[in-house]
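The values are calculated or read from the model by the stated rules, or taken from the named source; none is laboratory data. Since we're looking at a predicted model, the values are computed, not measured. When we count neighbours, we look across all protein chains shown, and the Cβ atoms used for this are built from the backbone with ideal geometry, even at glycine.
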Amino acid sequence: MSPGSPPPSGSPAYLSGLLLAGRDVLVVGAGAVVERRLGRLLEVGAHVRVVAPEATPAIAALDSEGRIAWRRRRFVDGDLDGAWYVVAATDSTEVNAAVAAGAEARHTFCVRCDDAPAGSAWTPATRNIDDVTVAVIGNRDPKRSRRLLGVIAEALGGATE
């Protein structure tokens with residue numbers, strides 16, 4: 001198998017657990033997709049910076065509570081400095097591409113919410129069950145990953161969503 005080509009089965013992603021506690025995470029965008037991602041980032045103790053001209057009320061509330069640092073403006077390349085992990089989740093393909101390119105230049109993993117293969121990382125479907133976090137990552141079929149996660153969670157005695 002050559003680098004970059006998908007494996008014969010399963011996901012092309014190499015699964016790894018990122019320890020982001022106390023580490024800087026940059027999130028570009030502040031819409032519904034970001035709302036869904038922020039909970040887990042905050043649960044694991046990441047220091048989250050959000051860059052977006054506008055945000056959902058829930059994201060604005062997290063900023064008001066001091067749980068995230070929201071910069072109310074457009075993304076600039078320097079925002080990537082110091083980030084260990086990046087999420088590009090705007091409604092602009094051009095901005096997401098610029099975020100991913102800047103992250104790549106810095107050797108920083110980046111999830112592109114609009115075009116997953118164009119990023120360098122993917123976010124798995126996850127569920128906490130007692131003292132275990134279960135994750136499923138497929139070959140870009142997120143609905144299937146969520147269904148499988150539900151089956152696994154139920155088998156382990158965890159709540160289904």
- Query: Between a first residue in the stretch 22-34 that is farther than 15 Å from ALA83 by Cβ and not assigned by TED's automatic domain parsing to the domain that holds ASP63 and a second residue that is of a type in the set (Val, Ile, Thr) and modelled with pLDDT under 95, which pairs have beta carbons less than 9 Å apart while being 6 or more apart in sequence or on different chains?
  - Reply: none
- Task: All but one of (1) more than 24 Å from PRO12 (Cα to Cα); (2) touching a Leu at 6+ places or on another chain (Cβ under 6 Å); (3) buried (at least 20 other Cβ atoms within 10 Å of the Cβ) hold for THR90, so report the exception by its number.
- Result: (2)
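Quick one: which helices (runs of 4 or more DSSP H) sit completely within the stretch 8-116 and have at least 3 residues that are among the hydrophobic types (A, V, I, L, M, F, W, C) and closer than 24 Å to GLY138 by Cα?
32-43, 93-105
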- Note on the structure: Residues in the stretch 32-58 that are touching a Leu at 6+ places or on another chain (Cβ under 8 Å) and more than 19 Å from ASN96 (Cα to Cα) total 5
- For VAL111, the lone unmet condition from (1) at pLDDT below 95; (2) in contact with a Ser or Thr (Cβ under 7 Å, 6 or more places away or on another chain) is (1)
- Does at least one position in the stretch 107-121 carry a residue that is farther than 25 Å from SER145 by Cα, touching a residue at least 24 places away in the same chain (Cβ under 8 Å) and more than 15 Å from the chain's Cα centre (by Cα)? no
- Message: For the list (1) at pLDDT below 95; (2) surrounded by fewer than 16 Cβ atoms within 10 Å (Cβ to Cβ); (3) under 30 Å from ASP131 (Cα atoms), I need the number of the one condition that PRO8 fails.
- Response: (3)
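Hey, can you tell me all the residues within the stretch 11-31 that are small (Gly, Ala, Ser) and modelled with pLDDT under 95?
The answer is SER11, ALA13, SER16, GLY17.
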- In the stretch 71-84, is there at least one residue being surrounded by 14 or more Cβ atoms within 10 Å (Cβ to Cβ), in contact with a helix residue (DSSP H, G or I) (Cβ under 6 Å, 6 or more places away or on another chain) and either farther than 13 Å from GLY29 by Cβ or outside the structural domain of ALA30 (by TED's automatic domain parsing) (or both)? yes
